[in-house]
Amino acid sequence: MHSVTISLHKEIFRSFWPLISLYTVTFLLIITFAGSAHSGQSAIEPPVFRDVSVHDPSILRVNDTFWVIGSHLASAYSTDLIKWTQYTNDGVRNGNKLIPNVTEELSETFAWSKVTGLWAGCFTRLDNGKFYMYYCSCEGSSPLSALGIAVSNNIGGPYTNLKILLRSGMNGTGEDGTRYNANVHPNAIDPHTFFDAQHTLWMVYGSYSGGIYIIKMDPSTGYQLPNQGYGKKLMGGNHGQLEGAFIQYSPHTKYYYLFISFGGLGANDGYNLRVARSKNPDGPYLDPMGNDMINCKATGGDTRGSLAPYGHKLVGNFQFMDENGKATGVGYASPGHNSTIYDSVSNRYFNIMHTRFPGRGEFHQVRVHQMLLNEDEWFVMAPHRYAGENAGPINAESIPGTYAYVDHGRDISGTIKNSQKVTLNRDGTISGAVTGTWEKRDDYRIRMTVGGTVYNGVALRQWDSGLGREVMAVSVMSVSKGNSIWMSRLDAVVNIINSTTYERHLAPYLTIRNEKATFFLEHAGEARIIAYDLSGRKAGILWSGRGIAGQNIVTLNKTSLEPGSFFFTLRHGNSSVTRHIVFP
């Protein structure tokens, strides 16, 4: 419950107004710094994050634990997607717990790629109960790569190599029996294996070069089925900058969602995450604008700009700014190479990606964001990292206020987009850096129209780790433009509710008795309750002191008040709320 609430009972003033001694007047003022105290979504406990570095994280749930593996044999695990433990991060060398004798175990792979290194991999568990690691090694300056498979009885290893599945980059005949052509054929890296709704096993893979391919696999061995060559192309070609394919099936929409990272992975190279969808695991995949992703490839030597019109852009470079225009510390540079997971227990989707950060060079960490389906059946990503929140019914009056606003656009660029300030007004209009309209749709869905473009998405309460408090957050996307807008609440919103509503939504968190005022503070600090007469003259300070974070119950000093009408104001830091009280 991260809000400020004042409750004053008429009984404080009964000696002044005997005419109302037979009944009680109660009023509540709620300043919500982050969503609403009565929004229907449960309050978020201040999270304790524990972060890890795993580039290109691919996720697998094993019982109650989430595991990720990435490039360079880095791996980590978590039971809550908030506090992570690094499992391996010592590189591709002997002694790594995943493949302890890796240089010998994968000697054939390294001989082909001419480097002792591993790029993005993935974990899979087959019906036999064993764990399979799909790995890849790439020379780097060319698509000379090998993609293979190893097996273990335990998710944490040790893994034993089985075989190389696919090779690429050869000066000669490729896997499909034709001469290898890097503009057409895939770079055999970045594997992701998954079961479709009919329990058919697939592997999607590829990077730059000839694009993204998908191939059917044997669920009993983990190998590809015979006579498929490289499989079926889904998108890309001519060295277009896209990679890190991941496919997520949604039991809610019956769509398969293909996630792809566009651009380069360096801090200044514009990595950004996009998605398309299909009713079939092997496509065709279409973006929100109806573009078939098979046409998404480099043309005329333009390996970036020719790709930009394709895909729904979920997230790119951004930085949230506070009300004074200073960076809050929440922002990403080149976020991408994600994996996703649907948690059937909590009925939530999660996006797991690595990201760099504005002004911090190539340093990177894993970040997890909740994904939600909008009314167009497209995913939107919650603007803040996952902290245990769950979307649920919210009241429309908890949404209006001033927000940090980021339009992720459609560009592939290293430019960091700083947020601008906009206000969602109570009359359904939007003002500030952009103008338009907004409306609450159902329990937590929201629609915005900005510049004539309709955006559908969600509103939910999240933890803002930059401001250190719970906030209302909004994430919407346009099916006509394929861009995403993220918004994070900056100000406090005033809600007035009657005692019946109060008891229904807030009890048993607050108690009102006689001359006591009960209120909530987001942070500990100095606070005052001040009375003003109708001319604006200060009539007295009813209470002044240091409040604690959370619930405060204080005794009011009413001796300075005369009978009449007053404005009562609670002040805390830069925030305040005022209520005009008229007594008979």
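Figures for the structure shown
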{"item": "Three-way shape call for region 82-233 based on the alpha-carbon gyration tensor, with the a/c threshold at 1.5", "result": "oblate"}
{"item": "Diffusion coefficient, µm² s⁻¹, Stokes-Einstein with Kirkwood Rh over alpha-carbon pairs of region 148-206 at 37 °C and 0.692 mPa s", "result": "242"}
{"item": "Long-range Cα-Cα pairs in region 110-152 (distance over 14 Å), rounded percent", "result": "48"}
{"item": "Shape of region 228-306, Cα gyration tensor, a/c cut at 1.5", "result": "prolate"}
{"item": "Table column - 3J(HN,Hα) (Hz), region 125-141, Karplus curve with 6.51, -1.76, 1.60, x for Gly and Pro", "result": "10, 8, 5, 7, x, 7, 9, 10, 9, 9, 10, 8, 10, 10, 4, x, 8"}
{"item": "Low-density loop positions, trypsin sites (Lys or Arg not before Pro), region 300-345 - DSSP coil, at most 12 other Cβ in 10 Å", "result": "K326"}
{"item": "Under 5 Å, built H, 5+ apart or other chain: amide partners of M235", "result": "I212"}
{"item": "Distant alpha-carbon pairs in region 254-374 (separation over 20 angstrom), percent", "result": "51"}
{"item": "Among 211-222, 430-441, the order from most to least packed when residues are scored by Cβ within 10 Å on average", "result": "211-222, 430-441"}
{"item": "Residue-wise HN-Hα coupling along region 413-418, computed from phi with Karplus coefficients 6.51, -1.76, 1.60 (Hz; x: Gly, Pro)", "result": "8, x, 5, 7, 8, 7"}
{"item": "Over region 396-493: Rg over Rh, Cα atoms, Kirkwood Rh", "result": "0.94"}
{"item": "Gain in span if fully extended, F363 to T415, counting 0.36 nm per residue against the direct Cα distance", "result": "17.0 nm"}
{"item": "Residues in region 373-409 reached by a label modelled at E323 [backbone nitrogen below 17 Å; 7 Å Cα→Cβ]", "result": "399-405"}
{"item": "Interchain or long-range residues, amide H under 5 Å from R469's placed H", "result": "D464"}
{"item": "Region 170-327: equivalent-ellipsoid semi-axes (sqrt of 5 x gyration tensor eigenvalues, Cα, Å)", "result": "28, 21, 14"}
{"item": "Within region 372-399: backbone nitrogen closer than 14 Å to the N291 label point (7 Å, Cα to C-beta)", "result": "none"}
{"item": "Inter-site label distance for A524 and S480 at 7 Å from Cα along Cβ, in nm", "result": "5.2"}
{"item": "For region 95-111, 3J(HN,Hα) per residue [Karplus equation, 6.51 cos²θ - 1.76 cosθ + 1.60, θ = phi - 60°, Hz, x = Gly/Pro]", "result": "x, 5, 5, 6, 10, x, 10, 4, 5, 7, 4, 10, 4, 5, 4, 5, 5"}
{"item": "Cβ crowding within 10 Å averaged over residues, with 150-158, 169-177, 252-260 ranked highest first", "result": "252-260, 150-158, 169-177"}
{"item": "Under-5 Å amide H pairs with F357, H placed in peptide plane, nonlocal only", "result": "A333"}
{"item": "Modelled FRET efficiency - R0 30 Å, D51 with T453, Cβ distances, 0.05 increments", "result": "0.25"}
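Readers should treat all values here as calculations from the given coordinates under stated rules, not as data from a laboratory. Keep in mind the model is a prediction, meaning the values are calculated, not measured. FYI the Cβ positions are ideal-geometry reconstructions off the backbone, even for glycines, and counts take in every protein chain you see.
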